[in-house]
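Novice: One structure, as C-alpha cells, below. Some questions next.
The numbers here are math on the coordinates, done by the rules we state, and not lab data. Computed from a prediction, not measured in an experiment: that's the story for all the values here. Because the Cβ atoms are built from the backbone with ideal geometry, glycine has one as well, and the counts that use them run over all protein chains shown.
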Amino acid sequence: MAAPAEEKYTVEHMLSVHRWTDTLLSFRMSRPAGFRFTPGQFARLGLPSGQGFVWRAYSMVNAVWDDELEFLSIVVPDGEFTSRLSRLSAGDDILLDKRANGFFTLDRFVDGQDLWLLGTGTGLAPYLSILREPSVWSRFDTLTLVHSVRTAAELAYRDEIAALRDHPLWAEHGHKLHYQPVVTRESHPGCLSARLPVLLANGELEQATGRLLTPERARIMICGNPQMVEDTHRQLISMGYRLSRLTAPGQLALENGF
Ligand SMILES: Cc1cc2nc3c(=O)[nH]c(=O)nc-3n(C[C@H](O)[C@H](O)[C@H](O)COP(=O)(O)OP(=O)(O)OC[C@H]3O[C@@H](n4cnc5c(N)ncnc54)[C@H](O)[C@@H]3O)c2cc1C
Ligand SMILES: NC(=O)c1ccc[n+]([C@@H]2O[C@H](COP(=O)([O-])OP(=O)(O)OC[C@H]3O[C@@H](n4cnc5c(N)ncnc54)[C@H](OP(=O)(O)O)[C@@H]3O)[C@@H](O)[C@H]2O)c1
C-alpha cells in the first residue's frame, strides 16, 4: 500500500491491546479530533519498516462517536505490518492517514427491510462499527450478524455483540439483532459448521436464524476472505441477488478483507 504524503497523516499512540488468540488481537489508539468516517469504512495505519513505513488498511470497529479508534487484527507471523503491530504496547506510536476510505457502507442500499452482515475472520470488524450506529436499528426490521471462523476461540467480541441488544441508544430495537456464529474446523455448541455459501444454498442459515432470506427484503453485506467473498457472491447471484451499484441499486455489497 503506497504511503500517503507526510502532511496527510498524524502520529497517534496505542492505548491498549487485547489478545484474543496467538493470531488475533484488538487494539485501541488515539483519535485526532478531525478524523471522521462512515461506519464500514477503513483507515490506513502505518508503522516504521526499514528506512520508511509500511501502510495497511484496517476497518474501524468503534462507533463514529467514540473518542478513540479500535481495530481487530490478524497476526500474520512474517507479515510486514502485523509482525510489528503485535509487538506494540500502550504508549507506542502508530501512524494514521487523516482520511478514512471505502464504500462498504449502508449508503450502498437505498431500501430493504432485513440487513444481513456476513463475515469471516477479521471481516467482522466493519459490522461492529455499523451496529453501533443508532440509525441502523430503526432503519431495518431485522439485523442478522453471521461470523465464520475456524475455531471457537476466534469468535471475538461475543460479549460486546450480546450487549448491543441492550444498548440504551436503540433500546426498543435491540431485539432485532440475531448473532449466528459459524465454526468450521471444530464442533462447538450453538454454532453452525459449514462454509457460508453452503449454509446459504442448503437453507441451514435461514433455519438456524429463523429468518427468511428473500431478494425483495434482504440487503446483504459480505466481508472477509476474498475467496469467501467471491464464492458467497456467486451463490447469492444464483439465488436471484445482485450487486448494488450507485446507478443500479441491488441487494449485495462486498468487501475483500485482505
Ligand atoms: C479494505 C481492507 C480492510 C482491511 N481491514 C482489516 C482489518 O480490519 N483487520 C485486519 O486484520 N486486516 C485487515 N485488512 C488486511 C490488512 O490490510 C493487512 O493485510 C493485514 O494487516 C496483514 O498485514 P501484513 O503486512 O502483516 O501481511 P500482508 O503481507 O498484508 O498479508 C500476508 C497474507 O496474510 C493473509 N492475511 C492478510 N490479512 C488477513 C486477514 N485480515 N485475515 C486473514 N488473513 C489475512 C493473506 O493471505 C495475505 O496474503 C484489510 C484489508 C483491506 C484491503
Ligand atoms: N496458527 C494458527 O493457529 C492459526 C489460526 C488461525 C489462522 N491462521 C492463519 O491465519 C490466516 C488467516 O486465517 P483466518 O482463520 O483468520 O482466515 P480464513 O482462512 O479466511 O478463515 C476464516 C473463516 O473463513 C472461512 N472460509 C475460508 N475460505 C472460505 C470460502 N472460500 N468460502 C467460505 N468460507 C471460507 C473459513 O472456513 P474453513 O475453515 O472451511 O476454511 C473460516 O471459517 C491463514 O493463513 C491461517 O493459516 C493460523
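Novice: Per 5 Å bin, what is the whole-percent P(r) computed from every C-alpha pair distance within the chain?
Specialist: P(r) over the chain, rounded to whole percents: 1, 6, 13, 18, 19, 17, 13, 8, 4, 1, 0.
Novice: Next up: By count of other Cβ within 10 Å, fewest leading, how are LYS98, LYS176 ordered?
Specialist: Least to most surrounded, the residues fall as LYS98, LYS176.
Novice: Size of the dipole of the chain about the Cα centre, Lys and Arg at +1 and Asp and Glu at -1 on the beta carbon, nothing else charged, in debye to 20?
Specialist: Magnitude of the dipole: close to 400 debye.
Novice: Say we join alpha carbon atoms closer than 10 Å with springs in a Gaussian network model of the chain; which of VAL110, VAL75, VAL136 then has the biggest fluctuation?
Specialist: It is VAL110.
Novice: Right, something else. What is the Cα convex hull volume of region 106-256 when expressed per residue in Å³?
Specialist: Once divided by residue count, the hull of region 106-256 is 101 Å³.
Novice: Which value in deg cm²/dmol, rounded to the nearest 500, describes the helix-derived mean residue ellipticity at 222 nm for the chain, given -39,500 (n - 2.57) per DSSP H run of n ≥ 4 and division by the residue count?
Specialist: Counting only the DSSP helices, I get -4500 deg cm²/dmol.
Novice: Which shape class, rounded, prolate or oblate, goes with region 6-97 when its Cα gyration tensor gives a ≥ b ≥ c as root eigenvalues, a/c under 1.5 marks rounded, and past that a/b bigger than b/c marks prolate?
Specialist: oblate
Novice: I would also like to ask the following. What order do you get for ARG150, ARG56 when you list them from fewest to most C-beta neighbours inside 10 Å?
Specialist: Fewest-to-most Cβ neighbours within 10 Å comes out as ARG150, ARG56.
Novice: Compute the length gained on full extension between ALA90 and PHE258: take 0.36 nm times their separation in residues and subtract their Cα-Cα distance, giving the result in nm to one decimal.
Specialist: 57.9 nm
Novice: Quick check: the angle from helix 226-238's long axis to the longest principal axis of the chain, C-alpha only, nearest 10 degrees?
Specialist: Value to nearest ten degrees: 20.
Novice: Along the charge dipole of region 106-256, which of MET228, HIS178, THR209 sits closest to the positive end, that is, farthest toward it, with unit charges on the beta carbon of Lys, Arg, Asp and Glu (+1, +1, -1, -1)?
Specialist: After comparing all options, I get MET228.
Novice: Okay, moving on. Which value, in debye to the nearest 20, gives the size of the charge dipole of region 1-114 about its Cα centre, when Lys and Arg are +1 and Asp and Glu are -1 at the Cβ?
Specialist: For region 1-114, the charge dipole is close to 160 debye.
Novice: Same structure again: Run the dipole for region 106-256 about the Cα centre, Lys and Arg Cβ at +1, Asp and Glu Cβ at -1, nothing else charged, and hand back the magnitude in debye, nearest 20.
Specialist: Roughly 240 debye, rounded to the nearest 20.
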